[in-house]
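What follows is a short report on a single structure.
The values are calculated or read from the model by the stated rules, or taken from the named source; none is laboratory data. Small disclaimer: the values here were computed from a predicted structure and weren't measured. Neighbour counts run over all protein chains shown; Cβ positions are idealised from the backbone, glycine included.
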Amino acid sequence: MPWKDIEKVRRYNREYMRRVRKEHPIRMRRKNRERLRKFRKEHPEWVKKMNERFAGQQKAWKQKNASKLRTYYRNYERRSGRKANLTNEVRKLLGGKCECCGEREPEFLTVDHIKSDRAKIVKRGIKHGNWHYYTEIKRAFESKDMKKVASIKKKYRLACYNCNLSRRVNGKCPHERAKEFKALK
Ligand SMILES: [Zn+2]
Ligand SMILES: [Zn+2]
């Protein structure tokens, strides 16, 4: 490294920091956040001024785009309503109760990925999100093709939040462990 050439050193430092930022985004984010917090503490006047300015800007934007906002909220309600309907349908199609403990309260029921491969699916970049596989399930049942239904049933089942989450966290639900323990005796 030719330390005599200040420009080259600067360029090197710049490159180095760029690399660090790219390779350690979380660390950099934390550092920036800390720096910002410190700055805010030291300059309360500035924070106040900026907050007022942002609030004013936001208000102006909302007034200017009132009709747009109205459509957005209306559509949002419609969308969430449709989603609730779909969720209820899927719960009914998959049997209406937790396949592990038999819980029947619809609000407790979720769709469980039997192989716990949701994370993998997301990682592979295949379309994901509840909406996607709920429609997949619904379509399979609607087609009345038993093969499709069977493959869906291999992939998904209904489980309550308790059973679903404990499977996700511990790999096995306490109910499953209890069953295995009984079988051993
Ligand atoms: Zn359960
Ligand atoms: Zn269970």
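Out of the range 125-175, which residues are modelled with pLDDT under 85 and not in a helix (DSSP H, G or I)?
Hits for the range 125-175 are G125, I126, K127, H128, G129, G171.
It is to be established whether one or more residues within the range 87-99 are modelled with pLDDT under 90 and either within 16 Å of ligand 1 (Cβ to nearest atom) or among the hydrophobic types (A, V, I, L, M, F, W, C) (or both). Full working, then the answer.
First, pick out the residues of the range 87-99 that are modelled with pLDDT under 90: none.
There is no residue in the range 87-99 that is modelled with pLDDT under 90 and either within 16 Å of ligand 1 (Cβ to nearest atom) or among the hydrophobic types (A, V, I, L, M, F, W, C) (or both).
Given the criteria surrounded by 12 or more Cβ atoms within 10 Å (Cβ to Cβ), among the β-branched types (V, I, T) and touching a residue at least 24 places away in the same chain (Cβ under 8 Å), does I152 qualify?
Working: surrounded by 12 or more Cβ atoms within 10 Å (Cβ to Cβ): yes; among the β-branched types (V, I, T): yes; touching a residue at least 24 places away in the same chain (Cβ under 8 Å): no.
The answer is no for I152.
Inspect the range 163-176 for any residue being more than 16 Å from ligand 2 (Cβ to nearest atom) and within 23 Å of E107 (Cβ to Cβ) and give the result as yes or no. If you could, list the steps in order and put the result at the bottom.
Kept after step one, since they are more than 16 Å from ligand 2 (Cβ to nearest atom), are these residues of the range 163-176: none.
No, the range 163-176 contains no residue that is more than 16 Å from ligand 2 (Cβ to nearest atom) and within 23 Å of E107 (Cβ to Cβ).
Of K41, K62, K49, which residue is among the basic types (K, R), closer than 30 Å to W131 by Cβ and outside the structural domain of W131 (by TED's automatic domain parsing)?
Numbers: K41 fails: closer than 30 Å to W131 by Cβ; K49 fails: closer than 30 Å to W131 by Cβ.
Residue meeting the stated conditions: K62.
Determine whether S80 is in contact (Cβ under 8 Å) with a residue 40 or more places away in the chain and under 20 Å from the mean Cα position of the chain (by Cα). Even if it seems obvious, please write down each step before you answer.
Values: in contact (Cβ under 8 Å) with a residue 40 or more places away in the chain: no; under 20 Å from the mean Cα position of the chain (by Cα): yes.
No, not satisfied.
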